[in-house]
There are 2 protein chains.
Amino acid sequence: MKQYLKIDPWKLIEDEFHPEYNRISEATFSLGNGRFGQRGYLEEEYTGDSLIGNYVAGIYYPDKTKVGWWKNGYPEYFAKVLNAANWASVKVQVNQQIIDLHRCEILSFTRELDMKRGVLSRKCTLKLDDGSTLTIYSKRCISQTHKEIALLDYTIEFHDDMADLQIESVLDFDVRNEDANYDDQFWEPLFSHGDERMACIAAQTLKTGFTVRVSSDNSLSSDGELIPPGSIDVRDKVVIHNYSLDTVKAGQRFTLHKKVRVQSPLFYTQSELLSEELRMPRMIADATIPELMSAHAESWDKLWTQHDVQLDGDPSLQQGIRFCIFQLLQTYNCEDGRLNIGPKGFTGEKYGGTTYWDTEAYCLPFYLHTKEQDKVKKLIFYRYRHLPQAIANAEKLGFSDGAALYPMVTMNGEECHNEWEITFEEIHRNSAIAYAIYNYIQYTDDKHYLAQGGLEVLIAISRFWSQRSHWSRDKEAYVILGVTGPNEYENNINNNWYTNRMAAWCLSYTDECINYLKDADPESWKDISDKVRWQDDEQAHWRDVEKQMYYPIMEGSKVFLQQDGFLDKEILPASSIPEDQIPLYQHQSWDRILRSCYIKQADVLQGLYMLRDKYDEETIRENYDFYEPLTVHESSLSPCIHSMLAARLGDLDQTLLHLRRSCRLDLDDYNNNTREGCHITSMAGVWIALVEGIAGYDLRDGRPALAPHMPEMWDTLSFSLHHRGVGYHVKLTPAEMIISHDSDTSHDVYIYDEMITVASGTSHSHSITTLTQSEPS
Amino acid sequence: MKQYLKIDPWKLIEDEFHPEYNRISEATFSLGNGRFGQRGYLEEEYTGDSLIGNYVAGIYYPDKTKVGWWKNGYPEYFAKVLNAANWASVKVQVNQQIIDLHRCEILSFTRELDMKRGVLSRKCTLKLDDGSTLTIYSKRCISQTHKEIALLDYTIEFHDDMADLQIESVLDFDVRNEDANYDDQFWEPLFSHGDERMACIAAQTLKTGFTVRVSSDNSLSSDGELIPPGSIDVRDKVVIHNYSLDTVKAGQRFTLHKKVRVQSPLFYTQSELLSEELRMPRMIADATIPELMSAHAESWDKLWTQHDVQLDGDPSLQQGIRFCIFQLLQTYNCEDGRLNIGPKGFTGEKYGGTTYWDTEAYCLPFYLHTKEQDKVKKLIFYRYRHLPQAIANAEKLGFSDGAALYPMVTMNGEECHNEWEITFEEIHRNSAIAYAIYNYIQYTDDKHYLAQGGLEVLIAISRFWSQRSHWSRDKEAYVILGVTGPNEYENNINNNWYTNRMAAWCLSYTDECINYLKDADPESWKDISDKVRWQDDEQAHWRDVEKQMYYPIMEGSKVFLQQDGFLDKEILPASSIPEDQIPLYQHQSWDRILRSCYIKQADVLQGLYMLRDKYDEETIRENYDFYEPLTVHESSLSPCIHSMLAARLGDLDQTLLHLRRSCRLDLDDYNNNTREGCHITSMAGVWIALVEGIAGYDLRDGRPALAPHMPEMWDTLSFSLHHRGVGYHVKLTPAEMIISHDSDTSHDVYIYDEMITVASGTSHSHSITTLTQSEPS
């Protein structure tokens, strides 16, 4: 763990430069607007450890895989999120010295990410080799108002007279992915252009043929006077505006304004990208940078109104919570059904791909409960668009008759990952996709979605489970062999409880949906059953599998065993692991990790979270008490589930422990890997812990149901919920819950087991359970 | 399966050119003498599919590994057997046309490998584009007499007048490994030289710094007249002797003689390699090629006297058996303790490394029972030399106190392989190494070896097993979790019977050896126990583990279960696999293979083979009958064990089925992968099947014991056995066994349960059991 950022409810603040943490800061200080984004790197030349990363949503490269020992069925490529043009580069040379924080003496340094306004700023004072000093002020943002626009406001103030100054404003498309498998470059230049103000480069990805065009409008001024560039250097992949001055007076300031436009092929034809005029759109060209930044701040203001979770009483948690929500909203906003939520968003290259089961299992609640139905539907519909590829993927692995296996990692529906124990065996991902459909339909009541695609996906997934399970004569039950569960610290295990349980759930839910549609909309059912070549005996077999599925259990208890043979392990608490062995995956060999009882992330508990309406509290508690001590939370996706369950079980310490880990995972670098990028998808788990856990949010009879357990030491916890067109506002204090909504009519909600009617324009107050420190026993 | 070679007891004969099988032929027609070797490629330019491969024993390159998803504990490199200088290259151009079998019309073609004499020869008649014809006669060998020498005798006979002829005799060190991970070149040239007769190049491997020097003496003659080279082209990595003629008469023959010397750094210092005189040693220079080839044939004659297995009555099996013995003797001859038996020998690049558990588990019986004790000891001692690296390897994986894990694949004792399920989990290899020590000491009675290194190895291995097993409270027994057994179509399984059983055997045998040494040689024990920091409680714990080891069994039977949960699988016979899915690993995805009951190679049966003296026939039979139908033999190491057991169980069909597969695996390309190289180590399994299986060879009271089951349709099976300094000769017919020996005194042998004394100079005849076709039931 590292704690070098200052605590502030709305800002990340690094108040001295930490070169050893620079890659971590570059990740946490990232900016984005759902369409494109970048790491929070320094604008100037920096020769220390750094990853300059700029990423455009949906633009990827199918990099040739690196596999030592090829297994039949592996995909040939791994889709990489692509590092694209660096538009924020400013190179400064003064008195013959290049400004480089790795080489200059730093007298003071502050880097701030204002999450309320979405602005990254920096102030730093440097001393040069000749003893002279200067201060850099920079501000940048990626506009939430104008989705193609980014802005840079960069000022240098000199405290001494200087003999010469050179400022280069650089647009640099000569970039590589650090994680390229064979050091290949992925872009080929199409054209570049430079004139007195504009720089523009279009480049195309090899193989996939995506063209991205990046333009910038550059202006340097001092004391209100524009300074024209001395030269413009236009190369294939780089355009440089060169400003040079012979003398600089002490006190003089130079300000570079860059307005940047990033155009993606998702929104333009190739010919538009190659032929559009080489200027900024009038609206952008005419506005000043402060005006554009202020419009951007207004957009953020609206986003926060809808999405903020306000926590008074624990500033460190508040900062972490807002950081998670901020990064989620920077990454994905349900505006484009072709996009999804990459595990690192725009903050790093690790993992590649954009779509993991994270989206359905962890991210959905946040979007489902804060966004309008038509927006959430885009996220759900995404997998329907990929159904043909999921069926092809299953066929490749030997399944038939329209069974689908969704990929572990994908950009376009095709599998990218190739570790056999994940690609071929971590098949529980299929269930999360079915579960998301269930969740979506339950909360929105949009049953039409079944006929619009949902049921086809459910049938294809259920067919997979029905083929993937088989009757064990030995156990006299259906078994599922050779899987990897959510806990990836077990591979190729038999009868993972979570996998078996969710498979059975899928079969049962699909069965129910088929029956519903047959009855409610027989014509649609006819169309679908024709399309999927439905066989009438399928449903009966599914019921058979579901009813006779095998579940490993611990005899004499309510504990579900994570897998067959789990009790053969030496069961030791994670607290007994020596400090210097943590995280395990960075210190222990893989066989040792696999043999041990240590759990990477919630597995049985993940199932109990998802199917919480089917298990009593005692069962959940017994399982929690058994598994929690064994869990090392080395997946970012784990602590949120533990926090959520602990809140419902009334365990304050556990609730807060895991909530803190969940929301400050990257800020404090718990897992020692934030340098690779932030854990974007897990950030949505914070919302699960707070709203589903502490506020106890569920659905009952189609109505919102809240059953809060409010930590005694917090002052207030407030958030908004979107439910079937109504915006609810919920505020918790240790004593009461106050709920109101924005609708013109009355609405019923459940608070604990009581149904309450909240009239329009009123707020309802209700006493609640407080989570208190348990007495030491 | 492919059957394009003619059947002959002493030769491989390809009597028309099969370009589609060219890589297979290149592998099967390989030559070698234990020090260096080469694939049987064509001397001329060939633009079709080919791998020109020359390999020098012990010379490797640590190629940077290719890993998609790195796991802690993986080795950084994979040692590649190095493709070295091509000395056999002859480029011919006539009437402006390059001779290239891919482009010329082939009128006739015969390629022969004479295994009796160790000579590869070829005769082929070609028609050029202009209609003229010529015949190529080539012969080459790698001398078993002069271990640095190879010979090429290459003649072209013209059947028409020709306008021009160019012959280039090439020494080419500009070679690459086809299996290089990143297309790197591994050699850098040190010097090259060329004069009227000699070519010489020395090159050094990058990283490892091995220098190899290859020289050739070239002479071209026609009608007894030497033709001097027109030019000599000396480049960094290539030296070419260029002979050109203006006219050629019909009937004229040109003969190129090349005497080649390959000097390895294992036998020379660097300065010797760089400064030695640039001529052939006098003995070689003065001899003619026919003389040198005849000396080489005499050496082969001696080898065959000692090693031949003669089978009359089945020429196809006879050919396969001799092919296996021939290739083994070409690969390794127990002459150098630094070398070992690579899985592909000198026949291909696949797999890299030289030492696998194959050596101890499959190859040892052949060498142990045919070579003198001091030679076999070199093979056994090899692992003692690698003990420090095996201890370091175990430490890297978290073991301590002198526990050793021998590598899966190695060149110098360090692990090279990196698939976690193999590298970290296929740990049963350790037991084979202990078992080889046991076998060696049993048969040779060389108990001194315990004090000379054997016991240190045994203790280190037993320490590993004692740490790798743990007490399961659930099973109330010691368990070994997370392993891959010999059947690599199961990964990360628990309680693999073979692994558990052999681990317990190691503990028990080490315990016995310690007790023996304490008593027989207390001083040596004192030295060893100091050296290994012996703890007095170790032995007691080992006994505890050994006595309380858990073994999965099938209730109500004598069948040992391959692993926990094996009966959860769908148990279907391998005969039900559709033809187009075979071999499985080339057609099915890995998860499907893992879930299935199909067994890649003998696993439980491997254990019953090794510990056959501890199990009754009924137990072996029940297990054979259960596992044999499930076994797909997709490892070359599998059928020999099945054949051996089937012979002892009296099943003629099974014996012959698996024997045929084992000895003709490469000749008929059973596993569709001989193009990558021959399966050298599995060839020794043929000897297991014949001598341990059909002849029923074992040890009893320190005496050779034979219990033959002779196939009724064979005429004779004859072979020699070396046992404690005595050479026995055994001849089986369907009716009797005749045994004699070469010793001056009498020796006792067991035949079945009867002890027989065979006097010097006499032969003993004994009636035997015949294996007959079982009646259809």
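Quick check on region B:267-366: take the gyration tensor over C-alpha atoms, sort the square-rooted eigenvalues as a ≥ b ≥ c, and tell me if it's rounded (a/c under 1.5), prolate or oblate. Here region B:267-366 falls in the oblate category. Between B and A, roughly 4100 Å² of accessible area is buried in total, ligands, DNA and RNA not counted and the probe set to 1.4 Å. Placing a label point 7 Å from the Cα of A:SER244 along the Cα-to-Cβ direction, the distances to the matching points in the other copies come to 5.8 nm, shortest first.
Once Rg and the Kirkwood radius are both taken over the C-alpha atoms of region A:212-311, their ratio Rg/Rh works out to 1.07.
Can you compute the helix-only [θ] at 222 nm over the protein assembly as shown? Use -39500 (n - 2.57) per DSSP H run of at least 4 residues, normalise by all residues, nearest 500 deg cm²/dmol.
On the way: 42 runs with 442 residues, N = 1554.
That comes out to -8500 deg cm²/dmol.
Look at the stretch B:474-483: the mean tally of other chain Cβ atoms within 10 Å of its residues' Cβ atoms is 4.
Residues of region A:573-616 whose accessible area (probe 1.4 Å, heavy atoms of protein chains only) drops by at least 20 Å² once all protein chains are present, relative to their chain alone: A:SER589, A:TRP590, A:ASP591, A:ARG592, A:LEU594, A:ARG595.
Which residue, chosen from B:ILE325, B:LEU51, B:TYR551, occupies the Cα position most advanced towards the positive end of the dipole of the protein assembly as shown, where the dipole is computed from +1 (Lys, Arg) and -1 (Asp, Glu) charges on Cβ about the Cα centre? So the residue we want is B:LEU51.
Given a 1.4 angstrom probe, what's the average accessible area per residue across the protein assembly as shown, in square angstrom?
Accessible surface, normalised per residue, equals 35 Å².
Under 13 Å of direct C-alpha separation, and excluding same-chain neighbours fewer than eight residues apart, A:LYS2 reaches these aspartates and glutamates: A:GLU14, A:GLU20, A:ASP666, A:ASP668, A:ASP669. Placing dummy labels 7 Å off each Cα toward the beta-carbon, the span from B:LYS350 to B:LYS116 is 3.2 nm.
The relative contact order of region B:337-397, computed from alpha carbon pairs under 8 Å that lie at least 6 residues apart in sequence, is 31 percent.
Each other copy holds its own label point for A:ARG282; taking that point as 7 Å from Cα along Cα to Cβ, the gaps run 10.2 nm, nearest first.
Only protein chains counted, 1.4 angstrom probe. Which residues of region B:489-526 are at least 50 Å² less accessible in the assembly than when their chain is isolated? Those are B:ASN492, which lose 50 Å² or more relative to the chain on its own. Projecting label points 7 angstrom from Cα along Cα→Cβ for B:TYR4 and B:ASP195 puts them 4.5 nm apart.
Overall, chain B carries a charge dipole of about 1000 debye about its Cα centre when +1 sits on the Cβ of Lys and Arg and -1 on the Cβ of Asp and Glu, all other atoms neutral. Annotation for region B:512-596: GluC sites (Glu not before Pro) lying in DSSP loop with at most 10 further Cβ atoms inside 10 Å of their Cβ are B:GLU555.
When the accessible area of the protein assembly as shown is computed with all protein chains present and a 1.4 Å probe, what percentage of it is carbon and sulfur?
46 percent
Taking a ≥ b ≥ c as the square roots of the eigenvalues of the Cα gyration tensor, an a/c ratio of 1.5 or more together with a/b no larger than b/c marks region B:581-677 as oblate.
Hey, with R₀ at 41 Å, roughly what FRET efficiency would A:GLU372 and B:THR208 work out to, going by the Cβ-Cβ distance, to 0.05? Walk me through the numbers on the way to the answer.
Values: r = 65 Å, r/R0 = 1.58.
The pair A:GLU372/B:THR208 has a calculated efficiency of 0.05.
Between B:ASN83, B:MET683, B:HIS159, the Cα set farthest toward the positive side of the dipole of chain B (charges on each charged residue's Cβ, about the Cα centre) is that of B:ASN83. Taking a virtual spin label 7 Å from the Cα of B:LYS526 along the C-beta vector, which residues in region B:382-418 bring their backbone nitrogen under 20 Å of it? Within reach of a label on B:LYS526, which here means backbone N under 20 Å from a point 7 Å along Cα→Cβ, region B:382-418 contributes nothing.
The accessible-area loss of region A:62-80 on complex formation, taken against its chain alone with a 1.4 Å probe, reaches 40 Å² or more at A:LYS66, A:TRP69, A:LYS71, A:ASN72. Charging the Cβ of each Asp and Glu at -1 and of each Lys and Arg at +1, and nothing else, the dipole of the protein assembly as shown about its Cα centre rounds to 740 debye. Spacing of the modelled spin labels on A:ARG533 and A:ASP184, each 7 Å from Cα toward Cβ, amounts to 3.5 nm. Position B:ARG176: other-copy label points at 1.9 nm, ordered by increasing distance, label point 7 Å along Cα→C-beta. Among the trypsin sites (Lys or Arg not before Pro) in region A:555-620, those placed in a DSSP loop whose Cβ has at most 15 other Cβ atoms within 10 Å are A:LYS558.
Where the only charges are on Cβ atoms (+1 Lys, Arg; -1 Asp, Glu), what is the dipole of region A:274-362 about its Cα centre, to the nearest 20 debye?
220 debye
With a threshold of 19 Å on the Cα-Cα distance, the over-threshold entries among A:LYS207/B:LYS71; A:LYS91/A:LYS127; B:LYS547/B:LYS614; A:LYS91/A:LYS350; A:LYS302/A:LYS344; B:LYS558/B:LYS614 are A:LYS207/B:LYS71; A:LYS91/A:LYS350; A:LYS302/A:LYS344.
Prolate is the label for region A:303-423, because a/c, from the alpha-carbon gyration tensor with a ≥ b ≥ c as root eigenvalues, is 1.5 or above and a/b exceeds b/c. Applying the criteria of a DSSP loop state and at most 12 other Cβ atoms within 10 Å to the trypsin sites (Lys or Arg not before Pro) of region B:246-352 yields B:LYS249, B:ARG338.
The values are calculated or read from the model by the stated rules, or taken from the named source; none is laboratory data. Just so it is clear, the model here is predicted, and its values are computed rather than measured. Here the Cβ is made from the backbone with ideal geometry for all residues, glycine too, and neighbour counts use every protein chain on show. The accessibility values were calculated without ligands, DNA or RNA, using every heavy atom of the protein model including side chains. Shrake-Rupley method; radii C 1.70, N 1.55, O 1.52, S 1.80 Å.
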